[in-house]
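Remarks on the structure that follows.
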Amino acid sequence: MPSMIYDFSKIKNRVRGIDLKEGESKVETFKGIRVEVIRLRHGKNMMLHFGFIIEIGNRKILHMGDSSGKPEVVVNELKAYGFPGRRIDIAFIPYWYLMKSEYAKIIKQLIKAEHIIPMHVAVIGFGQTIPGILDQIKTHFPQAIIFSKEMEKKTL
């Protein structure tokens, strides 16, 4: 098993620190890949937490990380970053936003992604999804792309 302790000196030139206030974003470009870092709420406190809007070629990908908050807070945050006026092709959304009607409505109205991929799906032990989660997601997002195996690949 590989050690979880790494020699930071080997990667320090590839690591960038960032600190954003609410509503702020920062754009970086790495080898032609544009990454916009946005600050999203994580729980009740405004813990330092980021989401990413990544442009690769002609695709735009939203990764919301562990974003969480009350529906009205999520709406305000997304609007602060230009949603629904932004085109998103693929959105990686925490599963808890995809299970409940009030959040599903926000995702559909503001993000309007061509493809939705649930992430951070709760599991029991190694790889067994908690019963009912995927069914609830499919109720609101029948076309959601579900990965059920480690390192599974899908073509969009």
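The values are calculated or read from the model by the stated rules, or taken from the named source; none is laboratory data. Everything quoted here is computed from the prediction, not taken from an experiment. Using ideal geometry, Cβ is built from the backbone for each residue, glycine included, and neighbour counts are taken over all protein chains shown. Remember, those area values only see protein heavy atoms, side chains included, never the ligands or the DNA or RNA. Shrake-Rupley method; radii C 1.70, N 1.55, O 1.52, S 1.80 Å.
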Give the number of residues within segment 69-86 that are open to solvent by 40 Å² or more (accessible area, probe 1.4 Å) and under 21 Å from residue 26 (Cβ atoms).
5
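Among the candidates 122, 113, which residue alone is within 25 Å of residue 56 (Cα to Cα), of a type in the set (Gly, Ala, Ser) and either surrounded by fewer than 17 Cβ atoms within 10 Å (Cβ to Cβ) or at pLDDT 95 or above (or both)? Steps first, please.
Working: 122 fails: within 25 Å of residue 56 (Cα to Cα).
Checking each option against the conditions leaves just 113.
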When you go through 19, 66, 7 one by one, which is the residue that is modelled with pLDDT under 95, touching a strand residue (DSSP E or B) at 6+ places or on another chain (Cβ under 6 Å) and open to solvent by 40 Å² or more (accessible area, probe 1.4 Å)?
66
If residue 65 satisfies all but one of (1) under 19 Å from residue 39 (Cβ atoms); (2) in contact (Cβ under 8 Å) with a residue 60 or more places away in the chain; (3) not hydroxyl-bearing (Ser, Thr, Tyr), what's the number of the condition it fails?
(2)
Per the filter on segment 96-126, residues under 15 Å from residue 83 (Cβ atoms) and part of a strand (DSSP E or B) are 116
Of the residues in segment 22-42 that are part of a loop (DSSP other than H, G, I, E, B) and either surrounded by 10 or more Cβ atoms within 10 Å (Cβ to Cβ) or touching a strand residue (DSSP E or B) at 6+ places or on another chain (Cβ under 7 Å) (or both), the one that is modelled with the highest pLDDT is 24
Go through (1) touching a residue at least 24 places away in the same chain (Cβ under 8 Å); (2) more than 17 Å from residue 39 (Cβ to Cβ); (3) out of contact with any His (no Cβ under 6 Å at 6 or more places or on another chain) one by one and return the number of the condition residue 85 breaks.
(1)
Is it true that residue 89 is open to solvent by 10 Å² or more (accessible area, probe 1.4 Å) and farther than 20 Å from residue 134 by Cα?
yes
